[in-house]
Ligand SMILES: [Zn+2]
């Protein structure tokens, strides 16, 4: 049975901490390097429901995409929301490790997993990492569809293939526009519009898109936009990462049990569709 330090070393080889953004907080949050690991759970968010799931499962290690403390803290008292998570994890011998922006830009990374979930063929990174001579690492991915779809068909496909959330997939664009090339970026993609425009793709699928950037992007180019729940765009990475750790475990004879959390941690819980107005010509992709 491997020690936590050995499993963490394997994870660090997949997602080196030095490739995380300066502002990020990746790496091991809690855990004893000498502890033995037999069961690992992957999840997007280190929230209480996921910590409870890890404890129920008997996991020794929880690996999440989002940091628990992004900006540091002066207390882990159990009277605080995050301190409660720290207490429950430590009391139950569950280590917590974070791979965030270092997993976003990895090859394969978060957006490769998103592209895979949507059956898209990855062509290249949307914003290549200049330190990667092979041109495979970077933020987002530019992808091709195997067969062109209309925007409404592609949106319905995305809503089917991504894990279900209250939001579903919001769409901006002509529902009949043909979609052959798509930029995808797991998580908040607001900052990537310049790169998306430069790539000249038919559509951009990401999360957390806001009024002004979408409005401006739509005015400048015939670019279709698809906005899914942040959690839903990053969850496919958990399956990819679990498969990567499974393969490492087989290679080392570790016999790890690797799980992917099914807990929906998208904070939005319901969606009330508006009654149709003269301008809303379509309800494509909208959940009931
Ligand atoms: Zn995220």
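Each reported figure results from applying straightforward, stated rules to the coordinates on display, with no laboratory input. Model, not experiment: these values are computed from the prediction. Positions of Cβ are backbone-derived with ideal geometry, glycine not excepted, and every protein chain shown enters the neighbour counts.
Evaluated at q = 0.13, 0.16, 0.20 Å⁻¹, a Debye calculation over the C-alpha positions of region 45-194 (equal weights, vacuum) places log10 I(q)/I(0) at -0.76, -0.98, -1.18.
Here the chain carries DSSP beta bridges of which approximately 50% are antiparallel, counting only pairs with both residues inside.
For region 105-228, the relative contact order comes to 24 percent (Cα pairs under 8 Å, sequence separation of at least 6).
Taking springs between alpha-carbon atoms closer than 10 angstrom, which of 213, 67, 163 fluctuates most in the Gaussian network model of the chain? Highest fluctuation among the options: 213.
Dividing the summed helix terms, -39500 (n - 2.57) for each DSSP H run of n ≥ 4, by the number of residues in the chain produces a 222 nm estimate of -10000 deg cm²/dmol to the nearest 500.
Considered as an equivalent ellipsoid built on the Cα gyration tensor, region 105-228 has semi-axes of 21, 16, 14 Å, the largest given first. Between residue 71 and residue 270, the distance separating the two model label sites (each 7 Å from Cα on the Cα→Cβ line) works out to 3.1 nm.
The alpha carbon convex hull volume per residue for the chain rounds to 143 Å³. For the options 231, 15, 254, a Gaussian network treatment of the chain with springs between C-alpha atoms closer than 10 Å singles out 254 as fluctuating the most. Between the C-alpha center of region 234-264 and that of region 57-82 there is a gap of 20 Å.
Would you kindly calculate the translational diffusion coefficient of region 1-67, applying Stokes-Einstein with the Kirkwood radius from alpha carbon pairs, for 10 °C and a viscosity of 1.306 mPa s, and quote it in µm² s⁻¹ without decimals? Taking Rh from Cα pairs, D becomes 126 µm²/s. Packing, as the average of other Cβ atoms within 10 Å across residues, places the peptides 151-161, 48-58, 105-115, 242-252 in the order 105-115, 151-161, 48-58, 242-252, highest first.
Taking all C-alpha pairs of region 59-110, those more than 17 Å from each other amount to 44 percent. GNM on the chain, alpha-carbon springs under 10 angstrom: the most fluctuating residue among 262, 91, 82 is 91.
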